[in-house]
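Remarks on the structure that follows.
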Amino acid sequence: QRVLLTGANGFVGSHVLEQLLSRGFSVRAVIRSQSKAAQVLADFPTAGSALDFGIVPDITTPGAFDEVVKSTPPFDTVIHTASPFLYRVISSNLEFLEPAVKGTSEILKSIKAHAPTVKRVVLTSSCAAVVDFAANPTASPQKIYTEEDWSPLTWDDALVGNQNAGYQASKKFAEKAAWDFVEKEKPNFDLVTLTPPMIYGPLRHSITSVKQLNESNARIYNLFVNSSKDAELPHDGMPVYTDVRDIAEAHIRAATIPEASGHRFVICEGQVSSQEISNLLRKNIPELEARTPLGIPGGNKLDVNQYNCSSKLAQKLLGLTFRSKEETFVDLAKQLLEIEKKE
Ligand code: NDP
């Protein structure tokens, strides 16, 4: 099987690449520049002829993917993970919206026009496209989000809102654009979308400084690894999560299991509280004694009874299982300390 993978140098994309290569797939990794290709190659030195590269400097340009989707042997599957998820100084939320939405539409158009052998496209969406963040998070009965739910954010909300609104809407409108494309254009391929909440876990790609951390892991570094014993525990604003290795596995299953066809899957391991993360880190990593907020040890509960997301459909159709919280947060924190030491 031959796979085209976008965002292959990112946090999630590099884990997907790892799992594809380890299972014998042949992969073309799509990245923005030659120097990023060189970095990916350095991270996968034994890939050999199973890995080649396609460079797309700007995924919003019409026809951006026309050349990279052409290949001999041709592609069977496309996995599109590339989308902006870095909060930094931006001039407008269009910097989230345009690459997310146009990037998705452009790749689907190019596949339809130039890669007729592609039978499946997997899109990395997000719980940002599912959850209504303006709803009362502590509503009773507890809200359990599923594949039926869509964020109510509008394009205008996104333009006037903060960066969270910009990111959340970018994921919603990109995913909508993909479903609309399949419905209207009736291409040769089917679509599977994955909607994970916050994704945490060790990095597969190399970085030389914690300043280069991806957005979700930077949250763990700043609030739990580089904080202090007496700091206040962060509010459980984002109570649901998934391990990056499990979301990578979900991508492979979404790409290969016939019954996944046409489905949207919530991929969520469940809730995790700030106190739980702190307890796990303090128990397993003595070095963090003075650096991780103590909170009220013993307690594990969320500060309020918050919403959850259900992965029942993914567990049933994809047979997904999830690893422990200890593995996710302890593996990540140990790696963050190593990265710090190399700085
Ligand atoms: P990273 O920032 O680590 O990776 C993002 C990837 O997308 C990189 O390859 C990046 O390339 C590429 N990308 C970003 N902006 C653009 C752009 N304007 N044009 C072309 N390529 C771009 O983030 P993650 O790995 O965490 O995110 C991967 C996917 O997972 C995204 O779709 C994200 O929305 C989704 N997701 C992530 C979650 C998380 O908690 N991490 C949660 C839910 C969904 P470059 O290095 O060149 O910028």
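None of the figures in this text is laboratory data; all of them are computed from the coordinates on show. Because the structure is a prediction, the values reported are computed rather than measured. Using ideal geometry, Cβ is built from the backbone for each residue, glycine included, and neighbour counts are taken over all protein chains shown.
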- Note on the structure: Where a ≥ b ≥ c are root eigenvalues of the Cα gyration tensor, a/c under 1.5 meaning rounded, otherwise prolate if a/b exceeds b/c and oblate otherwise, region 148-217 counts as oblate
- Convert each backbone phi in region 257-265 into a coupling constant with the Karplus relation 6.51 cos²θ - 1.76 cosθ + 1.60 (shift: θ = phi - 60°), then list the ³J(HN,Hα) values in order as whole Hz, x for Gly and Pro. 8, x, 5, 6, 3, x, 9, 10, 10
- Note on the structure: Under 5 Å from the placed amide H of VAL266, counting only residues 5+ away or on other chains, we find GLU147, THR195, ALA314
- Query: Given R₀ = 25 Å, FRET efficiency for ILE257-SER310 by Cβ-Cβ distance, to 0.05?
  - Reply: 0.85
- Message: Please list, in order, the residues from region 261-304 whose amide nitrogen is less than 16 Å from a point placed 7 Å along the Cα→Cβ vector of LYS341.
- Response: 285-289
- Query: Across bins of 5 angstrom width beginning at 0, how are the C-alpha pair distances of region 179-310 distributed, in whole percent?
  - Reply: 2, 9, 16, 17, 17, 13, 10, 7, 5, 3, 2, 0
- Message: P(r) for the chain, please, calculated from all Cα pair distances in 20 Å bins and given in %.
- Response: 31, 60, 10
- If you find the alpha carbon centre of region 29-55 and of region 211-236, how far apart are they in angstrom? 31
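Which whole-number percentage describes the relative contact order of region 55-159, with Cα contacts under 8 Å and a sequence gap of 6 or more?
Working: 105 pairs, mean separation 34.0, N = 105.
So the answer I get is 32 percent.
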- Query: What nm value, rounded to one decimal, do you get for the distance between SER324 and SER140 when each label is placed 7 Å out toward the C-beta?
  - Reply: 3.4
- Estimated dipole of the chain in Debye, rounded to 20 [Cβ of Lys and Arg +1, of Asp and Glu -1, Cα centre]: 580
- Message: Among PRO293, GLN335, VAL16, which residue has its Cα furthest toward the positive end of the charge dipole of the chain, with +1 on Lys/Arg Cβ and -1 on Asp/Glu Cβ?
- Response: VAL16
- Task: Please work out how much length the chain gains when fully extended from ILE90 to THR117, using 0.36 nm per residue of separation minus the C-alpha to C-alpha distance, in nm with one decimal.
- Result: 5.9 nm
- The lysines whose Cα lies under 17 Å from the Cα of LYS211, excluding any fewer than 8 residues away in the same chain, are LYS334, LYS341, LYS342
- Task: Would you please give the FRET efficiency between LYS70 and THR208, computed as 1/(1 + (r/R0)^6) with r the Cβ-Cβ distance and R0 = 30 Å, to the nearest 0.05?
- Result: 0.30
- Item | Residues ASP246, ASP156, ASP43 arranged by fewest to most Cβ contacts within 10 Å | ASP156, ASP43, ASP246
- Which whole-number percentage describes the relative contact order of the chain, with Cα contacts under 8 Å and a sequence gap of 6 or more? 19
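How big is the Kirkwood radius of region 128-189, worked out from every pair of different alpha carbons and given in Å to one decimal?
Details: mean 1/r = 0.0771 Å⁻¹.
About 13.0 Å, per the Kirkwood formula over Cα pairs.
Hey, fewest Cβ within 10 Å first, where do VAL56, VAL89, VAL30 land in order? Please report the intermediate quantities before stating the final value.
On the way: VAL56 22, VAL89 6, VAL30 29.
The most exposed by this proxy come first: VAL89, VAL56, VAL30.
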- Message: Sort 191-203, 276-288, 94-106 by packing, meaning the average of other beta carbons within 10 Å per residue, with the highest value first.
- Response: 191-203, 94-106, 276-288
- Query: Where in region 137-190 are there chymotrypsin sites (Phe, Trp or Tyr not before Pro) that are in a DSSP coil and have at most 11 other Cβ atoms within 10 angstrom of their Cβ?
  - Reply: none
- Which value at 222 nm does the chain reach when only helices count, each DSSP H run of 4 or more adding -39,500 (n - 2.57), with the total divided by all residues and rounded to the nearest 500 deg cm²/dmol? -11500 deg cm²/dmol
- Order of ILE90, ILE59 - criterion: other Cβ atoms within 10 Å of each residue's Cβ, fewest first: ILE90, ILE59
- Rounded to whole angstroms and listed largest first, the alpha-carbon spread of region 86-200 along its three principal axes comes to 47, 37, 29
